[in-house]
Each structure stands twice: as structure tokens, then as C-alpha cells.
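The block underneath contains the structure these notes are about, expressed in C-alpha cells.
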Amino acid sequence: MNNQKPGMFMPALVGGAVAGLLSGIPLLNCLCCLWIIGGAILSAYLFSKDSPIVLSAGDGAILGAFSGIIAAVVHSVISIPLHAANLAFIQGLMERVAEYSDEFPSGWESLIERSISEASFPIFMLSLTMSAVIFAALGALGGIIGISIFGKKPKQQNQGVIDVPKDTSDS
């Protein structure tokens with residue numbers, strides 16, 4: 001009997017790619033945390049489907065963390081071409097809010113324009129690192145949930161139960 005676990009890379013890659021893609025698309029990214037947990041659950045399903053042995057919650061957590069890191073990379077790559085569109089949306093939203101509010105400090109428009117134009121590699125790397133940490137934690141949670149749902153259950157044995165025949169003698 002084969003008691004080895006299957007490789008974690010392909011399930012983590014599939015689940016992480018799906019989660020990263022869905023969390024990088026505008027408007028769908030409102031459910032970003034849910035996509036990461038769902039991608040890790042998908043990874044756990046794919047992993048447990050090919051496993052001949054019982055998997056632990058630790059296996060799910062490791063798989064989910066890998067899936068979350070892959071999702072962070074995919075999310076960051078997807079967000080590069082959509083960066084300008086997202087910033088234009090945020091700027092338009094802030095302008096609409098400013099029309100209805102007198103509470104904004106003076107010069108906030110220049111602050112937003114400066115932050116839009118200062119997108120750089122160090123900021124990208126910081127964003128990727130923060131996303132990887134947060135997505136790995138959410139992925140670990142999703143992996144634990146997925147293994148608890150889809151993992152094989154250990155076989156129950158009647159340990160400690162002794163079958164004693166009834167005493168039929170007249171004592």
C-alpha cells in the first residue's frame with residue numbers, strides 16, 4: 001500500500017491561481033479574503049482527492065499557506081495592468097465624495113495625484129510582501145477548513161471494549 005502523500009505543488013498552484021485571479025479583478029476583489037480561503041479549500045480538495053492516507057490539519061495549513069502565497073503573486077501580477085484603472089476609479093470616487101462633503105482638508109487632490117504618480121518598484125514589493133503574509137494566513141485557515149471537509153477520516157476501531165459473555169450460572 002502506498003502511504004506517501006501526493007505532491008502539494010500542483011493543488012496549491014491551481015487553488016492559488018484561481019484565488020489570485022479572482023481577487024485581482026476589479027469589483028470581484030471586494031470578496032478578496034473569501035477568494036483566498038476558497039482557493040485554499042479548492043487546493044485541499046485537489047490534494048485530498050489524490051491522497052491515499054489520512055491528512056492532518058497541519059497538512060491543510062501548509063498547503064493553504066502555499067496556496068495563499070501563490071495567490072499573492074498572481075494577484076500582484078494581475079493588478080499591474082489594472083493599476084491605472086483602479087486609481088482612476090478611486091480618484092473619481094474621492095471627487096464624488098468631496099462634492100458632498102465640506103470636511104476634506106485643503107490640498108487633498110494634490111496628495112491623491114502624487115500617490116497615483118509615485119507607484120514604484122519598492123512600493124510594489126512592499127505590497128506583494130504584505131499580501132503574501134495576509135494571504136498565507138487566510139490560506140492556512142482555508143486549508144484547515146478544506147482538509148476537515150474533504151480529508152479522509154481515520155477508521156474507528158473498538159479499542160478498550162471487552163466483550164464479556166453473560167454469566168448464566170446460578171450463583
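Readers should treat all values here as calculations from the given coordinates under stated rules, not as data from a laboratory. Values in this document were obtained by computation on a predicted structure and should not be read as measured data. Quick reminder, even Gly has a Cβ in these numbers, built from the backbone with ideal geometry, and neighbours come from all protein chains shown.
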From the phi of every residue in the range 19-25, what ³J(HN,Hα) in whole Hz does the Karplus formula 6.51 cos²θ - 1.76 cosθ + 1.60 yield, where θ is phi - 60° and glycine or proline is x?
5, x, 5, 5, 7, x, 7
For a protection proxy built on the mean count of beta-carbon atoms within 10 angstrom, sort 68-77, 20-29, 123-132 highest first, please.
68-77, 20-29, 123-132
Taking only Cα atoms of the range 7-72, radius of gyration then Dmax in Å
11.6, 40
